[in-house]
Every structure is written in structure tokens, then in C-alpha cells.
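What follows is calculated from the coordinates using simple rules that are stated; it is not laboratory data. Bear in mind the structure is a predicted one, so any value in this text is a computation, not a measurement. Every residue, glycine among them, receives a Cβ derived from its backbone with ideal geometry; neighbour counts consider all protein chains shown.
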Amino acid sequence: MQITRSGEYGLRGLLFLAKQSPERVTLVSEISRDQNIPETFLAKIFQRLSKAGLLRSVRGAKGGFSLGKPAKEITMREIIEALEGPIALNRCLVKEGECAEEKVCPMHQVWEEVQQRFLEILDRTTIEDLARGMVRNGRKGRG
């Protein structure tokens, strides 16, 4: 599994917004320039994140985007799955029964454990954590 550019750009875009005041509405063009992301690509990504409830879209002359909920409630997993779909490190973990060898495969249990730990990290890491620079060496910092 590899995060695509959509996932990376979505994370970077939401991180940018998390560093703004909560009531500020920001244009895609501003985020695009600041983060060096193609504007039309970012606009499509933001549409998907809006549908998932992670962004709020404001139309009109003073339109743009802001976070759809507080940064402390938006996890990395939510963003990635909104853009990439369910996370699975191996096809046998997409859904039970997907792999005929699931019950006897010596690797299945390892893949399952690796995926669970990976998801736990993504679930506990919020955009607020990233915005505050609290994630260092796989652990959340203090303060």
C-alpha cells in the first residue's frame, strides 16, 4: 500500500487549514500556492473531502474552504480513507474471505497485526497534532 498524491495533498491541504484561525475561509488558490499543489487537482481533492464532512465549502465572493470540524477531531485515517478508500496492506485484509488461503497462510496473522498497528497510529494522530508539530519519532510530544 502506498499513499497516492491525492492522499498526500489532502493531508497537506487540511494541515494548512488547521494552522489558520477556525473561522477563516481560505481559497484553494492560496493553499495551492503555499503548498505547491496544482490548483485544479487540489480543488477536486477538496470536493471529496467536503463530501466526507472533513471540509466546509463556502460559495460566493468570500468563498473558500475551512475545516468541517475541529482539527483535534480529524484523524489522518479519516483523510486517507476519504480519498483512497479503506486501508489494506494486503488484499487478504480488504475483507474476510477475500483470500482463499486466509485460514492457513502463515503471513495472514502478521499482515493483520501490522495493519492494526498502522491504523492505530493513523487513528490517534489528528491534524491538530500535526499542526502543532507534536508527532515526533512515532510518539506524540507534550504541550
Where does the chain land on Rg(C-alpha)/(2.2 N^0.38 Å)? 1.19
Whole-Hz ³J(HN,Hα) from phi, Karplus 6.51 cos²θ - 1.76 cosθ + 1.60, for the stretch 32-38, glycine and proline x: 4, 4, 5, 9, 6, 10, x
Fewest first, what order do I80, I74, I87 take by the number of other Cβ atoms within 10 Å? I87, I80, I74
Signed unit charges on C-beta, dipole axis of the chain, positive-most listed residue S21, G7, Q115: S21
Report relative contact order for the chain in percent, whole number only (criteria: Cα-Cα under 8 Å, sequence separation at least 6). 27 percent
The simple spin-label model distance between T40 and E84, using points 7 Å out along Cα→Cβ, in nm, is 2.6 nm
Counting helices only, and only those DSSP H runs with n ≥ 4, report the 222 nm mean residue ellipticity of the chain as the sum of -39,500 (n - 2.57) divided by its residues, in deg cm²/dmol to the nearest 500. -14000 deg cm²/dmol
Computed about the Cα centre, the charge dipole of the stretch 41-104 from +1 Lys/Arg and -1 Asp/Glu charges at the Cβ has a magnitude in debye, to the nearest 20, of 600 debye
Explain nothing, just the number: dipole magnitude of the chain about its Cα centre with +1 on each Lys and Arg Cβ and -1 on each Asp and Glu Cβ, in debye rounded to the nearest 20. 700 debye
Hey, what's the Cα Rg ratio for the stretch 18-76 versus the globular rule of thumb, 2.2 N^0.38 Å? 1.06
Once label points are set 7 Å from the Cα along Cα→Cβ at both R117 and R132, what is their separation, rounded to one decimal in nm? 2.6 nm
